[in-house]
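Below is one structure, written out as structure tokens; comments come after it.
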Amino acid sequence: MSDEAELRARVKALESLLVERGLIGADTVDQIVEVYESEIGPLLGAKVVARAWVDPGFKERLLSDATAACGELGIGGLQGEQLVAVENTDSVHNVVVCTLCSCYPWPVLGIPPNWYKSPEYRARMVAEPRRVLAEDFGLPLGEDVEIRVQDSSAEMRYFTVPQRPAGTEDWDEERLAGVVTRESMVGVAVL
Amino acid sequence: MGDMDGPHDLGGAPGFGPVRFDPDDPLFSSDWERKVFGLTMATSTISLYNRDENRHARERMPVEEYRSTGYFEQWLVALETNLTELGVLDAAAVRERVAEFLDEPGREVRGKDRPELFELFRDTLEFGASLERPAAPPRFAVGSRVRAVRDAKPGHTRLPAYVRGHVGVVRRVDGAFVLPDTNAHHEGENPENTYNVGFSARDVWGKGDHEVLVDVWESYLEPAD
């Protein structure tokens with residue numbers, strides 16, 4: 001018996017007992033997961049960032065009240081009830097972590113990727129971000145760039161607004177959204 | 001740094017190697033992980049336990065077990081712990097059912113559909129489940145110098161060990177929220193103001209030129225001056 005077989009049996013046991021009790025439906029689990037697989041993900045955050053790049057008024061609102069600004073685009077809800085957007089510039093670089101678990105702005109970025117949830121990321125990003133960014137994410141930052149690490153330890157859910165890449169001045173919003181990556185909105189990449 | 005209270009409190013913990021970064025990692029690496037995620041969302045949608053209980057169930061795992069267990073397996077352990085401890089499911093019935101599925105790995109879960117439950121989840125998804133509550137006016141203001149308390153109470157808390165006893169500066173005053181320390185243990189919501197507090201890495205770890213910003217509840221802080 002492999003570990004995988006045991007894990008599969010443990011999960012089925014819980015689901016089948018909960019369905020038998022009528023607490024959940026036989027259809028419930030798949031329906032919920034499909035929402036996160038098909039509807040919610042970093043494409044939503046990319047829309048927010050692209051809007052901020054083309055609309056200075058929106059950017060100002062986003063940086064002062066991200067929950068309300070994302071709400072203008074119909075983005076918000078579960079695990080993003082209180083959103084905070086922080087801007088990355090030539091002189092300040094923000095990066096987001098959750099050292100205690102895996103808090104992440106779900107309505108903006110979807111559910112977190114494995115590396116974000118990993119013990120290595122949680123342990124090291126707060127203590128040695130310059131080294132982790134350079135060595136593990138290929139993002140060497142100049143000594144003159146101030147690093148701010150945001151540990152999502154309470155209710156605020158953070159994402160970063162990366163700098164708009166050079167040479168995109170005549171791009172429209174939709175094309176801009178296409179270059180915004182999940183990593184750039186967590187602060188482990190620049191564009 | 002101070003003693004770690006639980007296996008989950010990893011900020012600054014020594015001994016970890018490189019982050020295995022893969023931008024193309026799938027969200028779930030197997031079907032059972034996918035199911036664990038869905039089961040957790042389904043059972044929290046119908047409030048079988050609260051979020052802080054869920055976290056605390058993971059944090060009670062022994063350190064060796066926590067560290068040798070994958071992320072979604074930790075979630076599975078929390079589900080088993082909460083559903084049996086809270087009396088939703090009987091532990092012996094769970095064990096028996098596991099044995100049955102091990103004997104018949106091809107057997108699928110069958111039963112009645114409940115489309116109305118998915119509608120309830122849709123509402124939670126859209127409107128969220130904010131834990132913001134009214135509370136007394138904030139004790140600290142932007143710019144206040146504050147010290148994170150040295151000692152954590154036993155049980156669930158959201159004050160990372162690495163800032164305990166250190167002085168930081170309030171960068172932002174956020175709303176008041178349900179206190180996890182009591183909510184995890186059915187001791188009430190006790191809402192408190194929360195703050196974004198900046199700590200210097202050099203002060204916390206003796207090296208580094210960055211600032212670490214931590215979000216904390218008011219009772220985790222005392223005036224530093």
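The values are calculated or read from the model by the stated rules, or taken from the named source; none is laboratory data. Remember, predicted model here, so these are calculated numbers, not experimental data. All Cβ positions, glycine included, derive from the backbone under ideal geometry; neighbour counts span all protein chains shown. Each accessible area value is taken on the protein alone, full model and side chains, heavy atoms only, with ligands, DNA and RNA left out. Shrake-Rupley method; radii C 1.70, N 1.55, O 1.52, S 1.80 Å.
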Ordering of A:10-18, B:204-212, B:76-84, B:130-138 by packing [mean C-beta count within 10 Å, highest first]: A:10-18, B:76-84, B:204-212, B:130-138
Number of partner chain Cβ atoms within 10 Å, mean per residue of A:67-76: 1
Kirkwood Rh, Cα atoms: Rg over Rh of segment B:145-223: 0.99
FRET efficiency, B:E222 to A:E39 (Cβ-Cβ, R0 51 Å, nearest 0.05): 0.70
Dipole-positive endmost among A:A127, A:P56, A:I147 within segment A:41-186 (Cβ charges, Cα centre): A:A127
Farthest positive-ward along chain B dipole, Cα basis, beta-carbon charges - from B:P14, B:L27, B:G155: B:P14
Total formal charge among the other residues, if their Cβ is under 11 angstrom from that of A:E20, Lys/Arg +1 and Asp/Glu -1: +3
Karplus-derived 3J(HN,Hα), 6.51/-1.76/1.60, for each residue of segment A:154-159, Hz, glycine and proline x: 10, 9, 6, 10, 9, 9
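Test of the criteria: in segment A:69-161, which GluC sites (Glu not before Pro) are in a DSSP loop and have at most 13 other Cβ atoms within 10 angstrom of their Cβ?
Loop-located and lightly packed - A:E143.
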Chains A and B, summed buried accessible surface - 1.4 Å probe, Å², nearest 100: 8000
Rounded accessible area of B:W217 (nearest 10 Å², 1.4 Å probe): 0
Sites A:V179 and B:E96 - FRET efficiency at Förster radius 51 Å, r taken between beta-carbons, to 0.05: 0.45
Difference of contour (0.36 nm per residue) and Cα-Cα distance, A:D30 to A:V145: 36.9 nm
Delta accessible area of at least 20 Å² on complex formation, residues of segment A:150-185, 1.4 Å probe, chain isolated as reference: A:Q150, A:D151, A:S153, A:A154, A:E155, A:M156, A:Y158, A:R182, A:E183
Cα coordinate range in segment B:91-225, projected on the principal axes (Å, largest first): 64, 34, 30
Delta accessible area of at least 20 Å² on complex formation, residues of segment B:80-96, 1.4 Å probe, chain isolated as reference: B:E80, B:L83, B:V88, B:L89, B:V94
Value of relative contact order over chain B, rounded to a whole percent, pairs C-alpha under 8 Å and six or more apart: 20
Cβ-based net charge around B:L86, under 12 Å, with every Lys or Arg adding one and every Asp or Glu removing one: -4
Farthest toward positive dipole pole in segment B:145-223 [+1 Lys/Arg, -1 Asp/Glu at C-beta], among B:G165, B:P191, B:V204: B:V204
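Regarding segment A:74-128, what's the average projected area of the Cα-atom convex hull, expressed in nm²?
Details: hull surface 18.9 nm².
Approximately 4.7 nm², given one-decimal rounding.
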Computed over the protein assembly as shown, the ratio Rg/Rh where both radii use C-alpha atoms and Rh is Kirkwood: 0.96
Three semi-axes of the equivalent ellipsoid, chain A, Cα gyration tensor, whole Å, largest first: 33, 22, 15
Table column - 3J(HN,Hα) (Hz), segment A:4-14, Karplus curve with 6.51, -1.76, 1.60, x for Gly and Pro: 4, 5, 5, 4, 4, 5, 5, 5, 4, 4, 5
Heavy-atom accessible surface of the protein assembly as shown: percent carbon and sulfur, 1.4 Å: 49
Computed log₁₀ I(q)/I(0) - Debye formula, equal Cα scatterers, no solvent, chain B, q 0.08, 0.12, 0.14, 0.19 Å⁻¹: -0.39, -0.84, -1.09, -1.53
In Hz, Karplus ³J(HN,Hα) per residue of segment B:47-55 (6.51, -1.76, 1.60; θ = phi - 60°; x = Gly, Pro): 6, 5, 7, 9, 4, 6, 4, 4, 5
For B:D174, distant residues with modelled amide H under 5 Å away: B:T194, B:Y195, B:N196
